[in-house]
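The values are calculated or read from the model by the stated rules, or taken from the named source; none is laboratory data. Here the structure is a predicted model, which is why all the values come from computation and not from measurement. Cβ: placed from backbone, ideal geometry, glycine included. Neighbour counts: every protein chain shown.
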Amino acid sequence: MSAGRPEGRYGEDVFPPGQAGEGERIDFGALAYDDVTMARLRALGAGPGWSCLDVGAGTGTVARRLLDEAGVAGVLAVDRDVRFLAARPGLEVLRADVTGPDFLPGRRFRLVHARFVLMHLPERERVLAALADHVEPGGVLVVSDAVDLTSDRAPGDPYAVAMRAMWEGLRATIGTDVSGVPSYPRLLRAAGLLPVAAEMHVPPLVPGSPISRFWADTWERGRAAMLGTGLLDDAGIDAAVRYLRSRECAALSAGMLTAWGWKPGETPSG
Ligand SMILES: C[S@@+](CC[C@H](N)C(=O)[O-])C[C@H]1O[C@@H](n2cnc3c(N)ncnc32)[C@H](O)[C@@H]1O
């Protein structure tokens, strides 16, 4: 690794999609957040006639719900790895790297959506500006990412230590950074969108819930990166998983901040 920017990448050095159970891990996250995401997208108007782009679509849960529940006209689901995505009427699947230059030449959408993707990309500000270019006049860009809510007031808490090691380990290996997520409204404004707004959702850490299972799976898969921080050892990760599964758990999940901004211009009819 260079002294400055990490050389690792999502899907290669951490969270490889070919590793057994990676689709299930993404689905646990989707189960925890999809209802909130869909409520927001529908409140913004996603519905019949809308063309949509879902970037880093993962297992495609949002893309499918946009079609099945919101009744949008079509969704293009883009991911670096499309093994969990199956095309069907209305759902186009494209394997592409959003950090590449001009990753989707000439295409514009009423809705551009990216959830839990930008935070993993060291070039997130440039990618966010590129995503704004893919929004048609009158359309909306919606980005969601995690906000760390662990507190320094619980230094010995196994959950807080594991969370800290996870964020620090992911930052060192692939450049994940959630510290800038609260700045997303400002970044959307800087990308020429107006007006912008944001909200946050924190799913309850109930033992056995999708979000609790998501974090336990994420720590399992990110174990090497977490151990590399020196903040904890294997026993520390195991203790944090036991804590998550127990009724003693009294911690806050990371929240999901969703920010959106409108592309100035006429809303197309239809
Ligand atoms: C944490 S998952 C989120 C999946 C989905 N958006 C969700 O919220 O359920 C991150 C997704 O982004 C994809 N991804 C990561 N880096 C990417 C890149 N440079 N270009 C395209 N997709 C990328 C990964 O392959 C993975 O499917």
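Which condition number in (1) surrounded by 16 or more Cβ atoms within 10 Å (Cβ to Cβ); (2) modelled with pLDDT of 95 or more; (3) out of contact with any Ser or Thr (no Cβ under 8 Å at 6 or more places or on another chain); (4) over 30 Å from Gly139 (Cα atoms) is the one that Ile211 fails?
Going through the list (1) surrounded by 16 or more Cβ atoms within 10 Å (Cβ to Cβ); (2) modelled with pLDDT of 95 or more; (3) out of contact with any Ser or Thr (no Cβ under 8 Å at 6 or more places or on another chain); (4) over 30 Å from Gly139 (Cα atoms), Ile211 breaks only (3).
Might you check whether a residue that is more than 19 Å from the chain's Cα centre (by Cα), of a type in the set (Lys, Arg) and exposed (fewer than 15 other Cβ atoms within 10 Å of the Cβ) occurs anywhere in region 87-104?
yes
Considering only residues of region 58-67 that are over 14 Å from Ser144 (Cβ atoms) and within 12 Å of the ligand (Cβ to nearest atom), which is surrounded by the most Cβ atoms within 10 Å (Cβ to Cβ)?
Of everything passing the filter in region 58-67, Ala63 is surrounded by the most Cβ atoms within 10 Å (Cβ to Cβ).
Within region 35-57, can you find the residues that are more than 16 Å from Glu92 (Cβ to Cβ), buried (at least 21 other Cβ atoms within 10 Å of the Cβ) and within 15 Å of the ligand (Cβ to nearest atom)? Talk me through it step by step, then tell me what you get.
Pass one, region 35-57, residues more than 16 Å from Glu92 (Cβ to Cβ): 35-49.
Filter once more, so that each one left must be buried (at least 21 other Cβ atoms within 10 Å of the Cβ): 37, 41, 46.
If the condition is that a residue be more than 16 Å from Glu92 (Cβ to Cβ), buried (at least 21 other Cβ atoms within 10 Å of the Cβ) and within 15 Å of the ligand (Cβ to nearest atom), then Thr37, Leu41 are the ones that fit.
Give region 96-109 a look and list any residue that's touching a Pro at 6+ places or on another chain (Cβ under 9 Å) and more than 25 Å from Val14 (Cβ to Cβ), or say none.
Of all residues in region 96-109, those touching a Pro at 6+ places or on another chain (Cβ under 9 Å) come to 99, 108.
Of everything in region 96-109, just one residue is touching a Pro at 6+ places or on another chain (Cβ under 9 Å) and more than 25 Å from Val14 (Cβ to Cβ), namely Arg108.
Mind checking which pairs have a first residue in region 133-157 that is farther than 20 Å from Ala191 by Cβ and a second that is of a type in the set (Lys, Arg), Cβ under 9 Å, 6 or more apart or different chains?
The qualifying pairs are Asp148/Arg164; Thr150/Arg164.
If you take the residues in region 115-134 that are over 17 Å from Ala77 (Cβ atoms) and of a type in the set (Lys, Arg), which one is surrounded by the most Cβ atoms within 10 Å (Cβ to Cβ)?
Filtering first and then ranking leaves Arg124.
For a quick check of your reading: which strands (runs of 3 or more DSSP E) sit entirely within region 82-173 and have at least 3 residues that are within 15 Å of the ligand (Cβ to nearest atom), of a type in the set (A, V, I, L, M) and farther than 29 Å from Ala251 by Cα?
Working: elements: 91-95, 109-115, 135-147.
Result: 91-95.
Being over 20 Å from Gly11 (Cα atoms), modelled with pLDDT of 95 or more and in contact with a Gly (Cβ under 9 Å, 6 or more places away or on another chain) narrows it down to one residue among Val112, Val93; which is it?
Working: Val93 fails: over 20 Å from Gly11 (Cα atoms).
None of the others qualify; the one that does is Val112.
Got a number for residues in region 49-87 being free of Cβ contacts under 8 Å to residues at least 60 places away in the same chain, over 18 Å from Leu131 (Cβ atoms) and in contact with a helix residue (DSSP H, G or I) (Cβ under 8 Å, 6 or more places away or on another chain)?
Qualifying residue count, region 49-87: 6.
Per-residue answers, yes or no, for (1) more than 22 Å from Thr37 (Cα to Cα); (2) modelled with pLDDT of 95 or more; (3) in contact with a His (Cβ under 8 Å, 6 or more places away or on another chain):
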| residue | (1), (2), (3) |
| --- | --- |
| Ala190 | yes, yes, no |
| Pro195 | no, yes, no |
| Pro207 | yes, no, no |
| Gly230 | yes, yes, no |
| Ala254 | no, yes, no |
| Gly261 | no, yes, no |
| Pro264 | yes, yes, no |
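Within region 136-156, take every residue that is under 19 Å from the mean Cα position of the chain (by Cα) and among the hydrophobic types (A, V, I, L, M, F, W, C) and give me the one that is surrounded by the most Cβ atoms within 10 Å (Cβ to Cβ).
Step one: of region 136-156, the residues under 19 Å from the mean Cα position of the chain (by Cα) are 140-150.
Cutting the leftovers down to among the hydrophobic types (A, V, I, L, M, F, W, C) gives us 140-143, 146-147, 149.
On the way: Val140: 24, Leu141: 26, Val142: 23, Val143: 29, Ala146: 20, Val147: 17, Leu149: 14.
Looking at residues that are under 19 Å from the mean Cα position of the chain (by Cα) and among the hydrophobic types (A, V, I, L, M, F, W, C), I get Val143.
Please work out which residue is farthest from the ligand (Cβ to nearest atom), limiting yourself to region 5-22 and to residues that are small (Gly, Ala, Ser) and more than 14 Å from the chain's Cα centre (by Cα).
Among those that are small (Gly, Ala, Ser) and more than 14 Å from the chain's Cα centre (by Cα), it is Ala20.
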